[in-house]
Amino acid sequence: MNIIRLGPPGAGKGTQARHLVDARGMVQLSTGDMLREAKDSGTEMGKVVAEIMARGELVTDEIVIGLIREKLETVNGNGFIFDGFPRTLGQADALGSLLAEEGQSLDAVIEMEVDDDALVQRITARSTCANCGEVYNDITKPVPADGKCTACGGTEFKRRADDNEDSLKTRLMEYYKKTSPLIGYYYAKDMLTKVDGLGEIGEVQQAISKALDN
Ligand code: ADP
């Protein structure tokens, strides 16, 4: 089974993907994570994308489609969860073609609905474990007082360069201008399920599982 999760920055796509990976053996393909890896690797492409990402703008379709193509050709798993991809109609068309080339199809698109004010609060308070990626929030899920990650015991935590209010406004604008048309695109293909992304983490998990098992 291959699924897409759509939603604005901060909708909880990363948190929920971890659950699907653990519970169903699916493979998460997050273009945001791939681009951050490219950035850290110091390659020419990494340097180009670093600035675009820090501003909160979208990287070109050509680059992200190339990254996804490479993964689809080399990674096997019990289905893919596409996170933060596709983000434009061009990427959506490309994904359809890439999956068809691999003899695969797309089974579901889950839209995570979250109120915009909540996004700002979530994102500006967000940090992650540098070792395992467990997500924390200064207000709703602070790093434990002993300074150790609850998932892996790691003691280093980091914040993303684009998790500040200015970049977030640009990310939101990019989302509404370029990505939100995908909601209509997949609705018209009868693939869209909407899930309330504001519930407790467990409730959101259940809603997603229900949508996938239907
Ligand atoms: P979030 O969903 O929290 O905004 P992501 O980790 O998915 O974060 O993406 C971070 C940044 O990486 C985006 O703001 C954008 O610059 C770049 N990016 C990620 N995926 C794509 C994509 N599919 N197309 C273009 N740019 C992307």
Please give the calculated 222 nm ellipticity per residue for the chain, where each DSSP H segment of at least 4 residues contributes -39500 (n - 2.57) and the sum is spread over every residue; nearest 500 deg cm²/dmol?
-14500 deg cm²/dmol
Can you give me the accessible area per residue for segment 59-214, using a 1.4 Å probe, in Å²?
54
So ASP115 and VAL21, fully extended at 0.36 nm per residue minus their Cα-Cα distance, gain in nm 31.2 nm
Hey, in the GNM for the chain with a 10 angstrom Cα cutoff, which one of LYS47, LYS39, LYS169 fluctuates hardest?
LYS47
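Rounded to two decimals, what is the ratio between the C-alpha radius of gyration of segment 22-96 and 2.2 N^0.38 Å?
Values: Rg = 12.7 Å, N = 75, 2.2 N^0.38 = 11.3 Å.
Against the compact-globule rule of thumb, the ratio is 1.12.
Of all the accessible heavy-atom surface of segment 116-214, with the other protein chains kept in place and a 1.4 Å probe, what percent is carbon and sulfur?
C and S fraction of accessible area: 49 percent.
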Identify which of ILE139, ILE68, ILE110 has the largest mean-square fluctuation in a Gaussian network model of the chain, with springs joining Cα atoms closer than 10 Å.
ILE139
Might you work out the accessible area of PHE85 for me, using a 1.4 Å probe with all protein chains in place, and round it to the nearest 10 Å²?
0
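When the accessible area of segment 34-107 is split by element with a 1.4 Å probe, what percent falls to carbon and sulfur?
Its accessible area is 48 percent carbon and sulfur atoms.
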Normalising by the residue count of segment 1-148, find the relative contact order in percent from Cα pairs under 8 Å and 6+ residues apart.
37
With 0.36 nm assigned to each residue of separation and the Cα-Cα distance removed, MET173 to ASN131 gains 12.0 nm
Mind grabbing the accessible area of ASP115 for me, 1.4 Å probe, Å², rounded to tens?
80
Given Cβ charges of +1 for Lys and Arg and -1 for Asp and Glu, the option among LEU172, LEU106, PHE80 whose Cα lies farthest towards the positive end of the dipole of segment 31-186 is LEU172
GNM top mover of GLY133, GLY184, GLY56 - the chain, alpha-carbon springs below 10 Å:
GLY184
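Could you please put LYS177, LYS13 in sequence from largest to smallest accessible area, using a 1.4 Å probe? Let's see the in-between values first.
Numbers: LYS177 130, LYS13 30 Å².
In descending accessible area the options line up as LYS177, LYS13.
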Write down the radius of gyration of the chain and its Dmax, each obtained from C-alpha positions, in Å.
16.7, 50
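Of the DSSP beta bridges with both residues in the chain, give the percent that are antiparallel, rounding to the nearest 5.
So the antiparallel bridges in the chain amount to around 25 percent.
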Computed about the Cα centre, the charge dipole of the chain from +1 Lys/Arg and -1 Asp/Glu charges at the Cβ has a magnitude in debye, to the nearest 20, of 180
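The values are calculated or read from the model by the stated rules, or taken from the named source; none is laboratory data. Every value quoted in this text rests on a predicted model; they were computed, and no experiment measured them. Cβ sites come from the backbone with ideal geometry, for glycine too, and all protein chains shown count toward neighbours. Areas reflect the complete protein model, heavy atoms only, side chains present, ligands, DNA and RNA absent. Shrake-Rupley method; radii C 1.70, N 1.55, O 1.52, S 1.80 Å.
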